[in-house]
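Each remark here refers to the structure printed beneath this line.
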Amino acid sequence: MAAELSTSINIKEPRWDQGTFVGRAKHFFTVTDPRNILLTNEQLEHAHKVITDYRKGIVSPDLTEDELWRAKYVFDSAFHPDTGEKMILIGRMSAQVPMNMTITGCMMTFYKTTPAVLFWQWINQSFNAIVNYTNRSGDAPITVSQLGTAYVSATTGAVVTALGLNALTKHVSPLFGRFVPFAAVAAANCINIPLMRQRELQHGIPVTDENDNRLGESTKAAQQAISQVVVSRILMASPGMAIPPFLMNHLEKKAFLKRFPWMSAPIQVSLVGFCLVFATPLCCALFPQKSSMSVSRLEPELQEKIRASHPGVERVYFNKGL
């Protein structure tokens, strides 16, 4: 008879060492696995029960360590790390590849006309707004007004950037025009993410010691968290929006696409999808999910509070969001 699984496995942390890029990459390849969006509610609830029971010290007699870790990653793929709420399906990181490959592929196929730019930038920013809200850091609510401001501002910024660059590229090589959607996406990320998470910038995000004891809320930590997310999101989009334009520019000169021009969209979507399968987890892994900063870089009043109540703490930790 197999021995009962130990209750000392630390499932608060990922299975692999998050102090290394390779460890973080392995973690995010699991988190962003598109197959997770196919999981049923029953499978999600089973994983939720396994993890909740394990945290209470209740272990099923036939549970193995591999099954425990699988349950943890199913649990993490669907439930918010701070609030514990089940996340919106298309806002989950496992939906990033199928959703982004479709939207980005279409943005890059239909980029020449104003109606197409308006439509696909609107679709993209609607999706981004859902993702940014779903993967926000902390447990504080965001108001409808804040959501609306972020959504409208990012959509406007993306459309203005795309239309402005389209006008500028009319007199240069068509290849340059293919990069307009990427510039629009980068500009929108710089607007959308800070605005969608503006409450964190105003009121701070929870910071803890290394044992997860909450020490307060910090706006300095929020600034670091959001800037890291902006960088990783722009880099995440880069391969899928930089490599396919060169390939499509070459393929569209060939007889096949001249004969079957309707194949441009499926080919472009597939190329973007291939890039995103790797770019999404690798760029998520650029910065640790459980980010940290020195106490000396926090707001003066929070520094005083921490030094008074926890004099031995030199670094604080926080969830940067995704």
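The values are calculated or read from the model by the stated rules, or taken from the named source; none is laboratory data. Because the structure is a prediction, the values reported are computed rather than measured. For neighbour counting, all protein chains shown are included, and Cβ atoms are generated from backbone atoms with ideal geometry for every residue, glycine included. Surface areas here come from the heavy atoms of the whole protein model, side chains and all, with no ligands, DNA or RNA. Shrake-Rupley method; radii C 1.70, N 1.55, O 1.52, S 1.80 Å.
Below are the figures for this structure:
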{"quantity": "Selection of GluC sites (Glu not before Pro), segment 241-322, meeting DSSP coil and at most 16 other Cβ within 10 Å", "calculated": "Glu252, Glu314"}
{"quantity": "Coordinate range along principal axes, alpha carbons of the chain, Å, largest first", "calculated": "64, 56, 34"}
{"quantity": "Amide H contacts of Gly216 (H built 1.01 Å from N, under 5 Å, at least 5 apart or other chain)", "calculated": "Val207"}
{"quantity": "From phi via Karplus (6.51, -1.76, 1.60), per-residue ³J(HN,Hα) for segment 284-297 in Hz, x at Gly/Pro", "calculated": "4, 7, 4, 10, x, 4, 8, 7, 8, 7, 5, 4, 5, 9"}
{"quantity": "Table column - 3J(HN,Hα) (Hz), segment 94-103, Karplus curve with 6.51, -1.76, 1.60, x for Gly and Pro", "calculated": "5, 8, 4, 5, x, 6, 5, 5, 6, 5"}
{"quantity": "Sequence-distant residues sharing a close amide H with Gly321 (under 5 Å, placed H)", "calculated": "none"}
{"quantity": "Amide H contacts under 5 Å for Phe79, placed H, 5+ residues apart", "calculated": "Met87"}
{"quantity": "Rounded Å value of the spacing that divides the Cα centres of segment 28-78 and segment 223-257", "calculated": "32"}
{"quantity": "Table column - 3J(HN,Hα) (Hz), segment 258-274, Karplus curve with 6.51, -1.76, 1.60, x for Gly and Pro", "calculated": "5, 7, 10, x, 5, 7, 4, 5, x, 5, 5, 4, 5, 5, 4, x, 4"}
{"quantity": "Spin-label pair Val22/Leu201, simplified geometry with 7 Å Cα→Cβ offset, distance in nm", "calculated": "3.8"}
{"quantity": "Net length gained if the chain between Val144 and Asp82 were fully extended (0.36 nm per residue, minus Cα distance)", "calculated": "20.3 nm"}
{"quantity": "Cα long-axis angle, helix 180-196 against the chain (0 to 90 degrees, to the nearest 10)", "calculated": "30"}
{"quantity": "The chain: relative contact order in percent, alpha carbon pairs under 8 Å with at least 6 residues between", "calculated": "20"}
{"quantity": "Label-to-label distance, nm, for residues given as Phe274 and Arg297 (7 Å Cα→Cβ offset)", "calculated": "3.9"}
{"quantity": "Solvent-accessible area per residue, Å², over the chain with all protein chains present [probe radius 1.4 Å]", "calculated": "49"}
{"quantity": "Extension gain (nm, one decimal) between Ser60 and Thr40, 0.36 nm per residue minus Cα-Cα", "calculated": "5.1 nm"}
{"quantity": "Extended-chain gain in nm, criterion 0.36 nm per residue less alpha-carbon gap, Thr156 and Ala255", "calculated": "31.8 nm"}
{"quantity": "Percent breakdown of C-alpha pair distances by 10 Å bin, ordered from the shortest bin, for segment 62-133", "calculated": "18, 35, 24, 15, 6, 2"}
